[in-house]
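Notes follow once the structure below has been shown.
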Amino acid sequence: MKKIVVLVSGQGSNLQALIDACNNGHIAGKIVAVISNKADAYALARAKSAGIAHRVFLRKDFTNNQIMDEQVGDYIQSLKADLIVLAGYMKILSPAFTQRFAGKILNIHPSLLPKYPGLNTYQQALAAGEKEHGTSVHFVNEEVDGGAVILQAKVPIFAEDGIEEIEERVKAQELRIYPLVVKWFIEDRLMLIGNHAFLDGQQLPPQGYAMEE
């Protein structure tokens with residue numbers, strides 16, 4: 001059974017979706033550890049409740065970001081993890097870390113990449129007068145939210161919407177598509193070749209698959 005490590009910083013709703021998918025057999029893999037850069041992340045309680053090993057690495061305990069990532073990477077390597085899943089991990093990974101685990105790191109980002117990388121995507125979409133928003137699962141490389149897109153889910157933005165309404169709609173899609181992409185990877189259907197994502201031997205388009213709400 002393939003081994004998964006999940007990196008978290010917050011509530012852990014995507015982590016819970018992955019735990020549930022592993023427990024019910026939808027994902028034929030095992031989450032062997034949850035790592036957080038926040039000691040008070042509720043995601044750690046979710047890991048504990050599920051009987052999953054969990055560790056905290058705090059930036060203040062390390063001389064610099066690269067040394068912290070080296071220690072995190074050494075721990076992940078000691079577990080012989082096949083896949084690293086970023087689930088609300090609010091820390092930029094060092095280039096050395098992303099290169100060390102190239103093709104083995106997935107992230108989910110609340111926008112239709114390449115639109116709105118980084119933070120405050122809901123505010124940006126509203127300010128731009130967008131009629132739709134969404135979420136993207138992508139491989140991680142040295143560029144923030146810049147890796148090959150695997151799968152996107154779109155949601156509408158209505159005239160009366162505020163940030164909370166859009167976020168709720170997007171989050172519902174995240175909980176649906178992230179376990180699916182992890183399932184593809186664990187089943188050896190998904191891989192990164194060069195800078196491109198391939199599913200079942202076919203190169204995915206730049207925006208990956210688009211799933212409508």
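The values are calculated or read from the model by the stated rules, or taken from the named source; none is laboratory data. Every value quoted in this text rests on a predicted model; they were computed, and no experiment measured them. Positions of Cβ are backbone-derived with ideal geometry, glycine not excepted, and every protein chain shown enters the neighbour counts.
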Exactly one condition in (1) more than 19 Å from A21 (Cα to Cα); (2) in contact (Cβ under 8 Å) with a residue 60 or more places away in the chain is not met by K131; state its number.
(2)
Checked region 153-188 for anything more than 13 Å from H138 (Cα to Cα) and touching a strand residue (DSSP E or B) at 6+ places or on another chain (Cβ under 6 Å); matches are K154, V155, P156, I157, I166, R169, V170, Q173, I186
Going residue by residue through region 122-144, is there one that turns out to be among the aromatic types (F, W, Y), modelled with pLDDT of 95 or more and under 14 Å from the mean Cα position of the chain (by Cα)?
yes
Candidate set: region 80-93, residues that are of a type in the set (D, E, K, R) and surrounded by 15 or more Cβ atoms within 10 Å (Cβ to Cβ); chosen: the one modelled with the lowest pLDDT:
K91
Quick one: what pairs do we get from region 143-165, first residue closer than 12 Å to N107 by Cα, second among the β-branched types (V, I, T) and modelled with pLDDT of 95 or more, C-beta under 6 Å, 6+ apart or different chains?
G147/V140; I150/V137; I150/V181; L151/V137; L151/I177; L151/V181
Among the numbered conditions (1) touching a residue at least 40 places away in the same chain (Cβ under 8 Å); (2) under 24 Å from A21 (Cα atoms); (3) under 17 Å from the mean Cα position of the chain (by Cα), tell me where F101 comes up short.
(1)
Cβ pairs under 8 Å, 6+ apart, first in region 65-80 and at negative phi, second part of a helix (DSSP H, G or I) and of a type in the set (D, E, K, R):
N65/R59; M68/R59; M68/D61; G73/R100
